[in-house]
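Okay, structure first, notes after.
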Amino acid sequence: MIHPPQKRHQQERGLPVGSIPALVTPMLEDGEIDWESFRNLIDWHILAGSGGIVVMGSTGESATVSLQEHCDVILEAVRHSDGRIPVIAGTGANATSEAIELAAFARTAGATAALSVVPYYNKPTQNGIFQHFKAVADAVELPLILYNVPGRTVADMSNETVLRLAEIPNIKGLKDATGDIARGVMLMRVLPTDFIVYSGDDPTAAALLLLGAQGTISVSANVIPVAMSCLCAAARSGDVDTVRRISNRIAPLHEAMFVESNPIPVKWMLAKRGMIQAHCRSPLTPLDASWHDFLWETFLQATEIVADPDPQAANLRAST
């Protein structure tokens with residue numbers, strides 16, 4: 001059994017490093033946000049030693065919440081965490097004006113940083129992507145993390161565009177969800193040494209971490225937070241053997257988290273553990289029953305390497 005890292009909530013350049021779960025947004029059967037479960041999840045990740053949390057990202061179903069709900073989630077995450085864990089607020093939008101509005105709200109709410117995705121659907125050019133993020137950074141004094149996930153946005157931010165944006169003082173990091181290790185390595189070789197790179201692709205996270213990334217913004221960390229924290233700590237200390245041991249055990253879970261659209265499998269897994277209800281907002285639908293046994297067996301295999309804290313411990317803390 002591998003033991004969790006002792007140092008928690010480390011930061012570099014004002015940003016958290018290590019394992020950062022892209023937090024789900026729990027929902028009730030009627031589609032309303034389940035605030036009690038949301039608060040319990042935050043407490044659980046604090047107990048588990050996660051380096052920070054991201055709210056209102058792709059895994060948080062930001063695409064199907066209203067603007068008011070989006071802001072409410074950011075505000076409640078900051079309020080409830082109360083400085084106990086860094087909160088990165090998802091503030092991406094395909095309209096530059098809305099991305100600025102959300103980033104400004106995140107700053108007012110007290111978020112540690114904003115995570116802003118490449119504009120989706122309208123397919124901007126590289127210059128359009130540059131101008132979009134420059135406008136957000138110029139308008140809001142808050143550390144900004146760029147988010148490149150071409151599998152969802154279609155538009156793909158080039159390494160050259162990232163390098164241009166890295167010259168802007170409050171653009172401090174990148175979540176690289178391309179899954180292209182070679183491309184990520186080439187980028188890290190030429191980025192400023194104080195620019196923070198996060199893996200945004202769980203299957204390739206270990207490799208990118210060993211090659212210089214400072215953390216991972218992770219889907220799998222929703223369900224195996226301690227294992228992901230141990231992976232990050234081992235990679236950053238150069239402990240290749242421990243990275244290999246953890247990776248070999250949890251790699252099947254990374255794949256299992258995407259047997260259907262994210263966050264459907266993640267929510268099912270957390271519901272199976274009694275932590276939330278599995279509901280997603282339409283057009284996402286419940287996990288097909290044919291996957292249930294496979295997901296649960298994969299989870300049990302992953303948790304043999306390192307144990308997570310009892311979810312009930314977070315529930316008890318929230319009730320006191």
Determine, yes or no, whether Ser282 is modelled with pLDDT of 95 or more and out of contact with any helix residue (DSSP H, G or I) (no Cβ under 9 Å at 6 or more places or on another chain). no
Quick one: in segment 149-177, of everything that is of a type in the set (Val, Ile, Thr) and surrounded by fewer than 20 Cβ atoms within 10 Å (Cβ to Cβ), which residue is modelled with the highest pLDDT? Ile168
Can you tell me how many residues within segment 254-275 are within 13 Å of Thr303 (Cα to Cα) and within 16 Å of the chain's Cα centre (by Cα)? 1
Within segment 156-170, the count of residues that are among the aliphatic types (A, V, I, L, M), in a loop (DSSP other than H, G, I, E, B) and over 20 Å from the mean Cα position of the chain (by Cα) comes to 2
Of the residues Asp293, Asp310, only one is at pLDDT below 95, over 26 Å from Gly179 (Cβ atoms), of a type in the set (D, E, K, R) and surrounded by fewer than 22 Cβ atoms within 10 Å (Cβ to Cβ); which? Asp310
Unique residue being buried (at least 17 other Cβ atoms within 10 Å of the Cβ), without any contact (Cβ under 8 Å) to a residue 60 or more places away in the chain and not basic (Lys, Arg) when the list is Ala104, Ala95: Ala104
Thr96 passes all but one of (1) β-branched (Val, Ile, Thr); (2) within 20 Å of Ser116 (Cβ to Cβ); (3) within 17 Å of the chain's Cα centre (by Cα); which number fails? (3)
Here are some conditions: (1) under 15 Å from Leu295 (Cβ atoms); (2) outside any helix (DSSP H, G or I). Arg281 meets all but one. Which one does it not meet? (1)
Any idea which of Leu191, Leu142 is touching a residue at least 24 places away in the same chain (Cβ under 8 Å) and closer than 30 Å to Glu76 by Cβ? Leu142
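Residues checked against (1) surrounded by 23 or more Cβ atoms within 10 Å (Cβ to Cβ); (2) modelled with pLDDT under 95; (3) out of contact with any Leu (no Cβ under 9 Å at 6 or more places or on another chain); (4) of a type outside the set (Phe, Trp, Tyr):
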{"residue": "Leu208", "(1), (2), (3), (4)": "yes, no, yes, yes"}
{"residue": "Ser220", "(1), (2), (3), (4)": "yes, no, no, yes"}
{"residue": "Ser237", "(1), (2), (3), (4)": "no, yes, yes, yes"}
{"residue": "Ala251", "(1), (2), (3), (4)": "no, no, yes, yes"}
{"residue": "Glu255", "(1), (2), (3), (4)": "no, no, yes, yes"}
Within segment 130-155, which residues are under 21 Å from the mean Cα position of the chain (by Cα) and basic (Lys, Arg)? Arg152
In this structure, does Ser247 turn out to be of a type in the set (Gly, Ala, Ser) and over 23 Å from Leu187 (Cβ atoms)? no
Sole miss for Leu295 among (1) under 24 Å from Ser62 (Cα atoms); (2) in contact with a helix residue (DSSP H, G or I) (Cβ under 7 Å, 6 or more places away or on another chain); (3) aliphatic (A, V, I, L, M) is condition (1)
Could you tell me which residue of segment 171-196 is nearest to Leu15 (Cα to Cα), considering only residues that are hydrophobic (A, V, I, L, M, F, W, C) and assigned to a helix (DSSP H, G or I)? Met188
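The values are calculated or read from the model by the stated rules, or taken from the named source; none is laboratory data. The structure displayed is predicted, hence computed values, not measured ones. Glycine also receives a Cβ, built like all others from the backbone with ideal geometry; neighbour counts cover every protein chain displayed.
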